[in-house]
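Structure first, commentary second.
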Amino acid sequence: MAEATPAPVHGATLMAQTLRHLGVTTVFGIVGIPVVEVADACIAEGIRFIGFRNEQAASYAAGAWGFLTGQPGVCLVVSGPGVLHAIPGLANAQANAWPMVLLGGSSPTSERGRGAFQEWAQVEAVRPYTKYAAQPANLDRVPTMFQAAFRYAINGRPGACYVDLPADLIQGAMSLGSEGTAELTMTALQGLSPPTRTLTLADPVQINRAVDSLRRAQAPLVIVGKGAAYARAETALTAFIDRTGFPFLPTSMGKGVLSDTHPLCVGAARSEALKDADVILLLGARLNWLLHFGERFSSTATIIQVDVQAEELGHNRTVDIPLAGDVAAVLGQISSVWQSSPSKGGQDFGLYLDGLRARRERNHATLARKAESSALPMTYHRAFRAIREALDDVYDRVVLVGEGANTMDIARSMFDLHSPRRRLDAGTLATMGVGMGLAIAAQVHYGLDVPNEGRLAGQPPSPHQHHDRVVAIVGDSAFGFSAMEIETAARTHLPLIVIVVNNNGIYHGFSDDEYHSRAAAHNLPSTALSPGTRYDLLGEALGAQGFHATTPEALHAAVRQAWDTTTRPSVINCCIEPGGQQKLEFNWMKSGKEIK
Ligand code: ADP
Ligand code: MG
């Protein structure tokens, strides 16, 4: 009897199996020609596919997934415009140093240069926004090339990678047993595993210098950036702060690595801490606009900087002690030298700490006072207080997403974080429109309350069974960039809570009357949006539960009810004072200076 010839391996299946071997559980994207087969093959392999409505949001989701999981987030899009629409996500991930891999379908290789369907120079187009961008020459190269993209994404400074998938490869087949290389390819595939991140350690000479300097500090300050959050440095940092008693200041996504209510957290006395410190230990935080390029530090302060990317050390300000390495690993190095080095004595920063604490208390009191106002329409502060109070008994299950100018800024100071990687925002690139992508990625990661009957065929349960909930507090303008993704969340049964902080405009808007009289006089500024837009009704139309809240009481009740809704998203239209009479103040730009 003749031996049965094994069925040929379909290109799309090979791609999906490669992703499974690389540990991928979730793919974000939008299908169409020629990647439908890739997405379906992923679903057949047990990989969850989350289909978005705009590639931009899907690509933002993939970057956020990379930050949250430490594994590259994967985004799958169609050729030409699909890849072009996903470039923002690549840029955002690169800027934030988050690992992601974009997979873009592309026109058949035989039609290249002839004006093929959706033909675009994709590899060239993504090159400036990626660490690695390539196209496999044939199916044999798919497993190794995907693996390379994953390896690049998580090693060195994490970032964005791209692999191009020509239609002929997706639809192609490798006949096992007949082609010399096919069996080799399949063997290589079986041997693939998720790439490991190689930990890098700092120069021991510099570690000694760092400990010496930290031991002598009279006014030390540790700045905890999102690189520390990404590095999972919470255990090492807790030990370090316990040992040294140094005060620390988290950046916006560094919040939660240590609790904001830790007695040594001086996030609420930021300006003073930056100005007064004599030794500053930067942990995974760049001296970019968010830290005023290091210009607010005392000119005599000793700067010790830890970053996984050696080229970053010394950017914008001379670094006295450069420590190139992984934050968690370097903190371990520092701690072991610290333990064995003699105390220099006289390290009493009680006065400095008292000053920072007094400032922190004053700033907290100011915030609390601002949240007392009973005026209607509500102020930002009053609205956020109502949200915070409504979440009080479940606050440890909340994951926060923030975007919008004033919305993001004020929310950052009013919502404490107690654990790491539970706050996502506009990030280093200050990208507006990221909110829904971030919220969807976070809700899938932290808890997907999908009842079995509601889960799509072949979709695995969430990796977390925490049933944690995303509360996305977004400005009305920011929400507009990706509001359609509420349908994505509804279809995927994601119980995220979206609170649209609606002030009828970008930065500020106008009341109904003012808006119409200005419109009649052709005197509307570019920042104005239509007053009274009902984002809650938009949400309902897309499958969410909608709430219209114009008072603190109604807002409180809406948040409670939204929390009790576990099978679909909620959209709360939170109407606050339009503030159009105020001088247009670019608080957001100022925020770098005054983030509390
Ligand atoms: P923030 O906005 O919180 O100030 P940045 O994005 O400016 O943070 O800085 C994060 C830095 O962390 C980047 O320069 C990045 O290279 C670095 N980084 C990322 N992962 C690690 C890691 N594991 N160890 C050390 N540094 C890291
Ligand atoms: Mg607004």
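The values are calculated or read from the model by the stated rules, or taken from the named source; none is laboratory data. Quantities reported herein were computed from a predicted structural model and do not represent experimental measurements. Using ideal geometry, Cβ is built from the backbone for each residue, glycine included, and neighbour counts are taken over all protein chains shown.
Points to keep in mind about this one:
- Flag for VAL101 being touching a Cys at 6+ places or on another chain (Cβ under 7 Å), closer than 23 Å to ALA442 by Cα and assigned by TED's automatic domain parsing to the domain that holds THR185: yes
Results for (1) modelled with pLDDT of 95 or more; (2) part of a loop (DSSP other than H, G, I, E, B); (3) polar (S, T, N, Q); (4) away from ligand 1 (no atom under 16 Å from the Cβ), shown as yes or no for each residue.
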position	(1), (2), (3), (4)
ARG421	yes, yes, no, no
GLY427	yes, yes, no, no
THR431	yes, yes, yes, no
MET436	yes, no, no, yes
ALA439	yes, no, no, yes
HIS445	no, no, no, yes
HIS466	no, yes, no, yes
VAL471	yes, no, no, yes
ALA490	yes, no, no, yes
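- Consider region 496-508 and keep the residues that are part of a loop (DSSP other than H, G, I, E, B) and buried (at least 24 other Cβ atoms within 10 Å of the Cβ). The one that is farthest from ligand 1 (Cβ to nearest atom) is ASN504.
- Taken residue by residue, region 512-530 has at least one member that is more than 29 Å from the chain's Cα centre (by Cα) and closer than 25 Å to PHE384 by Cα.
- Looking only at region 226-235, and only at residues there that are within 11 Å of ligand 1 (Cβ to nearest atom) and not hydroxyl-bearing (Ser, Thr, Tyr), the one that is surrounded by the fewest Cβ atoms within 10 Å (Cβ to Cβ): ARG232
- Only a single item in (1) under 30 Å from the mean Cα position of the chain (by Cα); (2) surrounded by fewer than 20 Cβ atoms within 10 Å (Cβ to Cβ); (3) not polar (S, T, N, Q) is not met by PRO342, and it is number (1).
- Test: residue in region 199-214 that is under 25 Å from the mean Cα position of the chain (by Cα) and within 16 Å of ligand 1 (Cβ to nearest atom): yes
- Helices (runs of 4 or more DSSP H) wholly inside region 156-228 that include at least 2 residues being away from ligand 2 (no atom under 16 Å from the Cβ) and of a type in the set (Ser, Thr, Tyr): 182-190
- Near pairs, Cβ below 6 angstrom, 6+ apart or cross-chain, from region 509-523 (within 14 Å of THR533 (Cα to Cα)) to any residue that is at pLDDT 95 or above and away from ligand 2 (no atom under 16 Å from the Cβ): none
- Residues located in region 532-551, provided they are buried (at least 21 other Cβ atoms within 10 Å of the Cβ) and over 27 Å from the mean Cα position of the chain (by Cα): ALA549
- Listed by first and then second residue, the pairs linking a residue in region 283-294 that is within 26 Å of THR238 (Cα to Cα) and near ligand 1 (Cβ under 7 Å from one of its atoms) to a residue that is charged (D, E, K, R) and at pLDDT 95 or above, with Cβ atoms under 7 Å apart and 6 or more places separating them unless they lie on different chains, are GLY284/LYS226; GLY284/ASP307; ARG286/GLU312.
- Scanning region 29-64 for residues that are in a loop (DSSP other than H, G, I, E, B) and in contact with a Leu (Cβ under 9 Å, 6 or more places away or on another chain) yields ILE30, VAL31, PRO34, VAL35, GLU45, ILE47.
- For TYR162, the test of being within 13 Å of ligand 1 (Cβ to nearest atom), of a type in the set (Phe, Trp, Tyr) and buried (at least 17 other Cβ atoms within 10 Å of the Cβ) is failed.
- Residue list for region 65-116, restricted to those being assigned to a loop (DSSP other than H, G, I, E, B), in contact with a helix residue (DSSP H, G or I) (Cβ under 6 Å, 6 or more places away or on another chain) and surrounded by fewer than 23 Cβ atoms within 10 Å (Cβ to Cβ): PRO108
- Check on PRO72, at pLDDT 95 or above and under 30 Å from GLY225 (Cα atoms): yes
- Selection status of ARG127, at pLDDT 95 or above, charged (D, E, K, R) and either within 16 Å of ligand 1 (Cβ to nearest atom) or outside any loop (DSSP other than H, G, I, E, B) (or both): yes
- Pick from region 179-196, criterion in contact with an Asp or Glu (Cβ under 8 Å, 6 or more places away or on another chain) and not hydrophobic (A, V, I, L, M, F, W, C), ranking: nearest to GLY227 (Cα to Cα): THR185
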